[in-house]
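One structure is given below, encoded as structure tokens.
The values are calculated or read from the model by the stated rules, or taken from the named source; none is laboratory data. Since we're looking at a predicted model, the values are computed, not measured. Positions of Cβ are generated from backbone atoms using ideal geometry, with glycine treated the same way; all protein chains shown enter the neighbour counts. All accessible areas refer to the heavy atoms of the entire protein, side chains included, with ligands and DNA or RNA removed. Shrake-Rupley method; radii C 1.70, N 1.55, O 1.52, S 1.80 Å.
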Amino acid sequence: MISVLGFLLHRWSGIVFFMWLGSVFYCLCLAMYTRSLFNALRATRRVTADLLVITVMVVSVFAKTMLSGALVAGFISMGLAISFGIIEETRRRIDALTKQGEKPVRIVREDRFLEVPVEQISSGDVAIVPAGEMIPVDGEIVGGASSIDESVITGEPLPVFKRIGDRVTSGAISLTAQLKVRATKAGDKGFLHVMAKEIDASLKEKPVVHRRADMIVQFFICGVVLYAIGVFLVCGALAGDTATGLVRMAAVTAVACPCAWALSVPTAFAAAIGGLGARGILVRGGTPLETLGRAATFILDKTGTVTLGRPDVVNVEAFGLPKTELLRLAASVESGFNHPVGNAILAYAAGKGIFPSTAENTEYLPGIGVKSMVQGRQVTLGSSETMIALGMDIPADIKIGGRAVWIGVDEKIAGVVVIQDVMMESAHGLAGILRGLGAKRVVLATGDNTEAEAQRVAKLTGMDQCHWGLKPEGKVSLVKSFGGQGPTVMVGDGVNDATALAVADVGISIGGAKADLTIKSSDIVMMREDAMSLVTAVRTGRTLIRVIRQNYSWAIGFNLAGIALATTGMLSPWLAALCHHVSSVLVVANSARLVRVPVVGNR
């Protein structure tokens with residue numbers, strides 16, 4: 001832009017210094033474009049738009065219209081720099097999320113305390129895991145006992161109590177107490193690292209996009225250069241004046257230089273990405289967003305994606321005991337634990353004005369269960385599997401409608417507490433909204449093993465299909481099964497979703513504070529745990545496609561009209577450059593609408 005300013009000041013003041021200043025920076029700019037073209041040819045063997053910029057700048061020198069060449073070069077440089085700068089900044093913000101979890105692990109090795117990267121942990125090392133932190137290795141608990149949140153690995157929303165001798169998997173979180181975990185595998189052989197390798201391989205398999213558009217640009221650039229040379233030869237010969245041929249050649253290259261074409265996609269991408277970034281939605285470039293706008297299938301995880309992963313008591317059924325007494329006994333057993341299910345039961349009881357008694361001789365049971373003595377009565381809480389293993393008969397005619405915590409009193413089933421995962425308020429009817437935006441099918445895919453709970457969530461969200469009890473490889477298979485039916489989008493928040501996110505055409509993770517590996521494998525990261533963020537992203541993707549088509553239509557139409565006028569001599573290089581900039585401004589202005597796409601409505 002310094003060269004443009006120098007030439008303008010020279011025209012205004014007539015001072016030669018400004019002409020020399022503009023000329024020096026003009027030559028520097030020409031050298032930069034020439035180097036960029038040479039590097040592109042050497043690296044990709046493809047012609048870039050730099051060729052047209054170089055052509056118009058060189059011809060402008062011979063035609064003595066260097067201001068036109070400087071305007072073309074300056075506008076392209078500024079527009080593309082701003083556009084790609086916004087995209088790169090967003091990518092850096094996403095990458096920064098995955099680095100937050102890269103911290104050393106405290107281990108005990110040969111009676112010494114060390115802090116080492118997880119990759120340097122060997123089998124037999126003992127990792128110290130503070131309460132609330134992620135377990136870094138696959139191994140066995142050798143010290144402590146804690147409720148373990150495995151939801152990011154298995155999809156199960158409820159924590160599992162584990163103690164000395166139990167196995168744990170890297171990626172799980174110790175919720176309530178510090179643990180000592182002896183690694184049974186080297187750090188780089190654990191679940192997280194194996195998953196990371198699979199994800200990297202999946203990401204590399206993603207196809208290269210926009211090859212057809214690149215081919216069109218190749219032919220367009222070469223065609224315009226050849227056409228401009230033809231205009232110079234024909235017009236120069238007919239007029240018998242080389243200067244006239246150069247002027248028309250300069251006008252053709254100035255008006256046809258694909259600024260509007262070159263800015264059509266990156267400015268739309270930048271506006272859309274910048275607008276979503278302001279709403280807490282980070283996108284790795286525009287291609288995932290464009291694909292999202294054309295998506296045919298949406299596969300959504302349950303826990304943490306459409307539900308909050310927080311249990312809530314929705315019903316209590318008592319058999320032979322008053323409900324108040326049953327609740328008191330259950331609350332008494334759970335009062336000694338800091339566990340999400342126990343906390344939900346205690347909160348529900350307190351809301352009914354029921355408070356726990358003292359529980360004694362507490363014993364943990366295989367699976368999910370606990371047993372205590374409350375005022376001389378043996379009270380057992382657990383899953384149906386636990387109760388059946390203890391010889392208790394589960395009533396067959398009870399409709400649960402959620403996850404069941406059975407209550408046994410003196411070795412007989414006395415009642416059941418029904419637990420449901422709390423739905424995100426914005427997730428109700430989510431599938432219907434997505435179908436209104438063009439999706440052909442919306443599928444729920446969860447690692448939760450409780451069919452009733454999965455079906456309940458699927459019904460509330462309006463899903464077309466429901467799959468439960470899926471392991472990571474099951475989710476990958478499900479994503480691949482829809483591969484031939486249009487673009488597939490996977491939405492999740494756990495490590496168990498990570499490979500499926502990488503395999504899908506677009507992977508979306510909800511919650512920027514979730515598993516680092518999930519964020520790394522995602523094309524789009526939604527920082528807020530709000531299902532409507534997905535709707536906003538889809539609507540922006542659809543609008544993005546429409547805006548890009550409008551930009552291309554305008555750019556092509558303008559170029560054809562401009563070339564025709566420049567060929568006949570109706571456009572001087574100066575006027576051609578001015579019209580060219582007007583075209584580019586209109587494209588940028590049209591793209592700017594994507595900064596604030598409306599959140600309401602289905603279109």
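See the values below:
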quantity	calculated
Solvent-accessible area of Met66 with every protein chain in place, 1.4 Å probe, in Å² to the nearest 10	40
Reachable aspartates and glutamates from Lys162, criterion Cα separation under 18 angstrom, eight or more residues apart if same chain	Glu133, Asp138, Glu140, Asp149, Glu150, Glu334, Glu363, Glu385
Long-range amide H partners of Lys302 with built H, under 5 Å	Ala445, Gly447
Residue order for Lys399, Lys412, Lys302 - accessible surface, 1.4 angstrom probe, largest first	Lys399, Lys412, Lys302
Candidate residues Trp261, Trp20, Trp468: accessible-area rank, largest first, probe 1.4 Å	Trp20, Trp468, Trp261
Surface per residue (accessible, 1.4 Å probe) for segment 308-423, Å²	48
Packing-based order for 435-447, 476-488, 262-274, using average beta carbon neighbours within 10 Å, highest first	262-274, 435-447, 476-488
Exposure of Arg328 as accessible area (Å², to 10), given a probe of 1.4 Å and all protein chains	40
Sulfur and carbon atoms: percent of accessible area, segment 308-423 [1.4 Å]	50
Tensor-based shape of segment 351-419 (alpha-carbon gyration tensor, a/c under 1.5 rounded, otherwise prolate or oblate)	oblate
Gyration tensor (alpha-carbon) shape descriptor, segment 308-423, a/c threshold 1.5	rounded
Derived scalar couplings ³J(HN,Hα) [segment 111-126; Karplus, 6.51 cos²θ - 1.76 cosθ + 1.60; whole Hz; x for Gly, Pro]	6, 10, 8, 9, 10, 9, x, 4, 5, 9, 6, 9, 4, x, 5, 9
